[in-house]
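A quick write-up on the structure given underneath.
The values are calculated or read from the model by the stated rules, or taken from the named source; none is laboratory data. Predicted model only: the values in this text are computed from it and were never measured. Reconstructed Cβ throughout: ideal geometry from the backbone, glycine too, with neighbour counts over all protein chains shown. Calculation scope for accessible area: heavy atoms of the full protein, side chains included, ligands and nucleic acids excluded. Shrake-Rupley method; radii C 1.70, N 1.55, O 1.52, S 1.80 Å.
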Amino acid sequence: MTLDSYQQRVVAETSRLRLRELAYSDHAELAKVLADREVMHFSMRGPLTNDQTSAFIEANHSLYRERQFGMWAVEQSADGALIGFCGLSPIDLAGKEEIELGYRLTPSAWGKGLATEAACATVKQGINNCCLDSIIAIVASSHPASASVARKAGMSLETTTRFHAWEVDIFRYRRHDDKD
């Protein structure tokens with residue numbers, strides 16, 4: 001298997017979306033999404049440069065090798081268009097490692113249920129295929145749309161706290177809460 005075919009590995013499919021490992025060839029389209037101030041408004045790091053987008057892709061390649069998860073490209077099944085990313089990453093929360101659900105989609109994909117569709121597929125992948133017991137979402141308290149996505153992905157509000165100077169809500173999905 002070549003590195004390129006490995007990077008294109010499909011992780012999950014829904015009726016409208018395909019989640020797959022990020023490839024270097026995704027850089028141009030992903031960089032447009034990650035440089036968009038509106039998309040990155042609730043990101044702790046803000047908009048990313050081209051170099052930061054390259055580093056993001058590389059960091060996820062390392063996660064795929066080390067953890068079998070990371071942030072995955074989200075593309076529309078109908079036309080293969082890359083519309084952003086959704087996936088899982090380790091994060092330090094109050095001195096404890098947690099696995100966080102994260103996503104960013106281009107504004108043209110907003111309001112169509114695509115973030116929820118990607119988030120649900122990601123949580124299912126994390127619990128069932130990556131054998132995770134718990135997944136969190138860190139949502140800015142002033143971002144009700146993301147809170148709605150977390151709830152629809154089966155997460156429950158656990159607490160409100162400060163994280164990197166932001167007021168955030170911590171949502172959690174636990175394996176034992178799984179109804180399947």
Per-residue ellipticity at 222 nm attributable to helices in the chain (runs of n ≥ 4 DSSP H, -39500 (n - 2.57) apiece, nearest 500 deg cm²/dmol) works out to -9500 deg cm²/dmol
Test of understanding: what is the full-extension gain from Ser89 to Gln76, defined as 0.36 nm times their sequence separation minus their Cα-Cα distance?
2.4 nm
Out of the total accessible area of the stretch 7-57 (probe 1.4 Å, heavy atoms of protein only), what percent is carbon and sulfur?
49
How many nm is it between the label spots at Arg37 and Arg67, if each spot is 7 Å from the Cα in line with the beta carbon?
3.1
Alpha carbon centre of the stretch 85-107 versus the stretch 155-171: separation in Å?
13
Probe 1.4 Å, accessible area per residue of the chain, Å²
51
At a probe radius of 1.4 Å, what is the per-residue accessible area of Ser62, in Å² to the nearest 10?
30
Go through His27, His176, His41 and list them by solvent-accessible area, largest first, probe radius 1.4 Å.
His176, His41, His27
Arrange the residues Cys120, Cys130, Cys86 by how much accessible surface each exposes, largest first, with a 1.4 angstrom probe.
Cys120, Cys130, Cys86
